[in-house]
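See below for the structure under consideration.
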Amino acid sequence: MREFEKANVELRERLPPVVAMLIVPEAEQCYRWRVQLDCGCINEVITRGKECLPSERQWRGPECEWLQRGQVLCVHGDAPPARYQNIVEWGERRERTFPADPVEPRGGVDPRTWALIRHGEPHTRAFWKVTLACGHVTDVIAPELSWKPEDGPRLCRAERVEEMTKEFEEYWASNPTGQDHREHMRRMLSQGWPSPEPECLCYTCPYVRWIVAYQRVGWLIPRTAEPKRQSQIPPPRAVLERRIRQAEAEATRLRDQLADLDRGTRTDG
């Protein structure tokens, strides 16, 4: 219950109040399942009611987006690295204002580079919710506050792209590490260094697993057991025989009364 209530609070905070009222279930509605994933892990999940099978419902991803039916998140320390996926759809837009950056460099950036990228004043950026080719959802930062998807990406000058290509090739030649992003960088250079980029890393893919088996556990709040009906135990033979004698005697008495009525009717006639 503590885990359920904590997850519900976090989910309500991430959703509009009206939406939360519709999709966040109450504890009395929830049914517990033990599920096995294709990675071998065994976890427990909750569905709305006992008829909703875990493998047939949709679960939420890290961005509160819907995963494919039967997919859930399972975080592993040995998960593969995130891979680049093409952007196939642009969704909602939102703005976020950031405070001014500190004077001292952060994130291991050298002072010279930090002086070039540092924002000395508060600044606002536009974030777009995008759907990737893998079906997962993430955020992309627009190059400018007024930028829209129909504007297309902003490209660098051909001379600058040529300079960056040379710089990257020299860096890769002297630094064999960092191979994961090399092909992505080359694609971006070949396309004129577009901003925003037409592809981005999907941090959901490494942690998505399929439900391969499930087992019922029971209601999150156990139901009050209905009283069992006591089975009818047949009475002993002696009791049955006594009831038969009593019924036969009653039947004889009633037949005698009928006979008396018949005799009286004939006498009156």
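Quick one: if the Förster radius is 41 Å, what FRET efficiency do Glu150 and Gln36 give, using the C-beta to C-beta distance and rounding to 0.05? Working shown, then result.
Values: r = 46 Å, r/R0 = 1.12.
In this case the efficiency is close to 0.35.
Once you put a point 7 Å from the Cα of His76 and another 7 Å from the Cα of Ile141, both along the Cβ direction, what distance in nm separates them?
Inter-label distance under the simple model: 3.2 nm.
Identify the residues of region 1-16 with backbone N under 17 Å of a label point that sits 7 angstrom from the Cα of Ile23 along the Cα-to-Cβ direction, or state none.
Within reach of a label on Ile23, which here means backbone N under 17 Å from a point 7 Å along Cα→Cβ, region 1-16 contributes 7-16.
In a solvent-free Debye calculation with one equal scatterer on each Cα, what is log10 I(q)/I(0) for region 30-161 at q = 0.14, 0.20 Å⁻¹, listed in the order of the q values?
Reported log10 I(q)/I(0), two decimals: -0.93, -1.24.
Tell me the label only: which of (1) 136, 39, 35; (2) 47, 45, 37; (3) 69, 43, 41 is Cα extents along the principal axes in Å as calculated from this structure?
(1)
How many lysine pairs are close in the chain, with Cα atoms under 30 Å apart and the two 8 or more places apart or on different chains? Spell out each step's value before the answer.
Values: Lys6/Lys50; Lys6/Lys129; Lys50/Lys228; Lys129/Lys148.
Lysine pairs, 8 or more places apart or on different chains, close enough: 4.
Among 203-211, 56-64, 11-19, how do they line up from the highest to the lowest mean number of other beta-carbon atoms within 10 Å?
Numbers: 203-211: 18.8, 56-64: 14.6, 11-19: 11.2.
So the peptides 203-211, 56-64, 11-19, ranked by packing, come out 203-211, 56-64, 11-19.
Where is the GNM fluctuation largest for the chain (alpha-carbon springs, 10 angstrom cutoff): Val103, Val212, Val72?
For the chain, modelled as a Gaussian network with Cα springs under 10 Å, the answer is Val103.
Compute the distance in nm between two label points, each set 7 Å from the Cα along the Cα-to-Cβ direction, one at Arg57 and one at Tyr171.
About 4.6 nm, to one decimal.
Values quoted throughout were computed directly from the atomic coordinates according to the rules given, and no laboratory measurement underlies them. If you're wondering where the values come from, they're calculated on a predicted model, not measured in any experiment. Glycine gets a Cβ as well: all are built from the backbone with ideal geometry, and neighbour counts include every protein chain shown.
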